Amino acid sequence: MPTYSHSRLETYQNCPMQYKLQYIDKVEVEERESVEAFLGSKVHETLEKLYRDVRMMKVPTLEEVISNFDALWDEDWHDGIKIVKKDYKAENYKEVGHRCIKDYYEQHHPFDESRTISLENLIFFPLDEEKDYWLRGVIDRLAVAKDGTYEIHDYKTSSRLPSQNKVDKDRQLALYQIAVAGMWPDVKDIELVWHYVAFGKEMRSRRTPEDLEDLKRDVMDLIGRIEKDTEFRPKETALCDWCAYPEHCPAKKHSISTESLPPNEYLKEPGVKLVSRYADLDKQKREVESEIARVKEALIHYAKKNNVQAVKGSGHRVIVRFYRGLSFPGKDDPARPELEDLVKELGLWEKVAVLSPVSLAKLVEGGALDPAIAERIGRMGKEEERPWVKLSKFGRRGEGF
């Protein structure tokens with residue numbers, strides 16, 4: 001079994017197909033680092049250098065730290081960096097980096113709140129006693145506070161600030177806590193600390209032993225699902241814009257292969273032609289179905305008004321019958337939630353195709369249910385007249401019914 005990481009697990013949860021392309025097929029692609037990832041790496045490297053200086057009893061000035069960030073940015077910038085948000089340029093992101101570092105520096109200077117143990121520490125650790133499940137990760141900064149609490153610090157340049165509830169459920173640093181506790185069994189207190197530097201905001205969380213045991217089980221279950229997956233279906237979300245594998249993705253590669261075609265060639269491309277034809281037919285189908293529904297309703301009204309069960313046309317006839325049966329609350333009926341709860345309680349949910357009122361009525365009326373269950377369900381319905389309409393060709397001698 002391979003060694004997993006938080007980012008590897010997150011990749012699978014975001015898109016199983018991307019996981020397959022990246023970790024199983026190991027598809028090689030042209031470097032397409034996003035500007036967001038580049039910004040994050042430069043902020044991390046800058047803060048790493050800052051704390052290395054502090055460990056050596058040297059506290060650099062803010063100007064020196066900003067200068068170091070600029071040097072890292074300029075040296076490592078390359079044309080392969082992808083800017084998805086077209087309203088912004090590289091300089092905008094660089095300025096965001098300046099603000100992140102300035103805010104962090106001013107909030108934590110002179111950087112003596114805790115003593116740094118390690119920086120950018122690569123860790124490997126088992127999740128279970130049998131050591132069948134191994135994880136890896138990198139702790140941005142591990143430190144000890146003045147009261148002896150170990151702190152696992154992580155720097156985030158994300159443009160979204162999570163809620164405290166989401167932070168309290170975060171998997172990444174909680175996994176690192178398991179690793180730290182394994183490395184130093186005498187450690188009593190561990191606190192998880194996130195620095196959302198784009199907001200100048202620090203967020204903290206603590207996990208109980210019970211929380212960590214639940215996390216271990218959840219992660220091992222997730223790994224089990226990954227190992228058993230044979231389909232790895234693509235999952236289309238807003239994250240697709242940052243994916244490095246669109247040319248290899250079943251959900252995206254046709255769009256990618258056709259987007260650069262001239263208009264005259266694009267319209268002749270077989271796939272494009274098929275989709276356009278399908279869309280036209282689907283539109284016609286919906287228009288026809290709407291007209292059929294209107295005519296059917298008119299036929300029912302005609303049959304009732306004239307007290308007939310068969311209406312003859314030119315070459316065809318329509319049979320219209322009425323019968324009484326149970327009718328259950330539809331989706332917009334206020335009584336619907338109560339009915340759904342009862343159906344789930346009685347274990348009938350799967351049998352009625354996510355609560356199809358027609359399927360439910362057939363179950364009750366067809367005698368397929370235990371009488372006591374049928375009686376409970378039946379109380380939620382009401383008897384009403386339902387039409388049955390059938391179109392048939394009109395033969396020379398007519399048809400009985």
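Restricting to Cα pairs below 8 Å that are 6+ residues apart, what does the relative contact order work out to for the chain? Please round to a whole percent.
Details: 435 pairs, mean separation 54.1, N = 401.
It rounds to 13 percent for the chain.
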Along the three principal axes, how long is the stretch 4-228 when you take its alpha carbons, biggest first, rounded to the nearest angstrom? 50, 47, 30
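Could you work out the per residue convex hull volume over the alpha carbons of the chain, in cubic angstrom? Each step should come with its number before you reach the end.
Numbers: hull volume 106.0 nm³, N = 401.
Once divided by residue count, the hull of the chain is 264 Å³.
For Phe111 and Asp147 in the same chain, what is the full-extension length gain: residue separation times 0.36 nm, less their Cα-Cα distance, in nm?
Numbers: separation 36, 0.36 × 36 = 12.96 nm, distance 1.57 nm.
Here the answer is 11.4 nm.
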Which residues qualify? For Ser327, with a placed amide H closer than 5 Å and at least 5 residues away or on another chain, they are Lys382, Glu383, Glu384
Taking 286-293, 72-79, 43-50 and ranking on average Cβ neighbours within 10 Å, highest first, one gets 43-50, 72-79, 286-293
Describe numerically, in nm with one decimal, the distance between label points set 7 Å from Cα along Cα→Cβ at His78 and at Lys362. 6.0
Stretched out fully, how many nm does the piece from Ser255 to Arg294 gain, at 0.36 nm a residue minus the Cα gap? 10.2 nm
Pairwise label distance in nanometres, Asp128 with Lys169, each label 7 Å out on the Cα-Cβ vector: 2.5
Would you calculate the separation in nanometres between label points at Val311 and Arg286, each defined as 7 Å from the Cα along the Cα-to-beta-carbon direction? 2.7
Residue by residue, what Karplus-based ³J(HN,Hα) values in Hz, rounded to whole numbers, does the stretch 215-231 have, using 6.51, -1.76 and 1.60 with θ = phi - 60° and x for Gly and Pro? 5, 4, 4, 4, 5, 5, 5, 5, 4, x, 5, 5, 5, 8, 5, 10, 9
Sort Cys100, Cys249 so that the residue with the fewest other Cβ atoms within 10 Å of its own Cβ comes first and the one with the most comes last. Cys249, Cys100
Taking neighbour counts of Cβ atoms within 10 Å as a proxy for exposure, in what order, fewest first, do Leu339, Leu142, Leu212 appear? Leu212, Leu339, Leu142
Can you tell me how much longer the chain between Leu239 and Glu340 gets when fully stretched, taken as 0.36 nm per residue apart minus their C-alpha distance, in nm with one decimal? 32.9 nm
Out of Pro387, Val311, Ala335 - ranked by how far each Cα lies towards the positive end of the dipole of the stretch 308-393, with unit charges on the beta-carbon of charged residues - the top one is Val311
Long-range tail of P(r) for the stretch 291-356 (Cα pairs > 19 Å, %): 55
Mind checking the dipole of the stretch 4-228: about its Cα centre, +1 per Lys or Arg Cβ, -1 per Asp or Glu Cβ, Debye to the nearest 20? 380
If you plug each phi of the stretch 125-137 into the Karplus form 6.51 cos²θ - 1.76 cosθ + 1.60 with θ = phi - 60°, what whole-Hz ³J(HN,Hα) values come out, in order, with x for Gly and Pro? 7, x, 8, 10, 5, 6, 6, 8, 10, 10, 10, 9, x
Cβ neighbours within 10 Å, averaged per peptide: list 219-229, 81-91, 173-183 in order, most packed at the top. 173-183, 219-229, 81-91
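How large is the charge dipole for the chain, taken about the Cα centre, if only the Cβ atoms of Lys, Arg (+1) and Asp, Glu (-1) carry charge, to the nearest 20 debye? Don't skip to the answer; put the middle values down first.
Values: 66 positive and 74 negative charges, 667 e Å.
In debye, rounded to 20, the chain gives about 3200.
Coordinate-derived values only; no laboratory data. As the structure is a prediction and not an experimental result, all values here were calculated from the model. Positions of Cβ are backbone-derived with ideal geometry, glycine not excepted, and every protein chain shown enters the neighbour counts.
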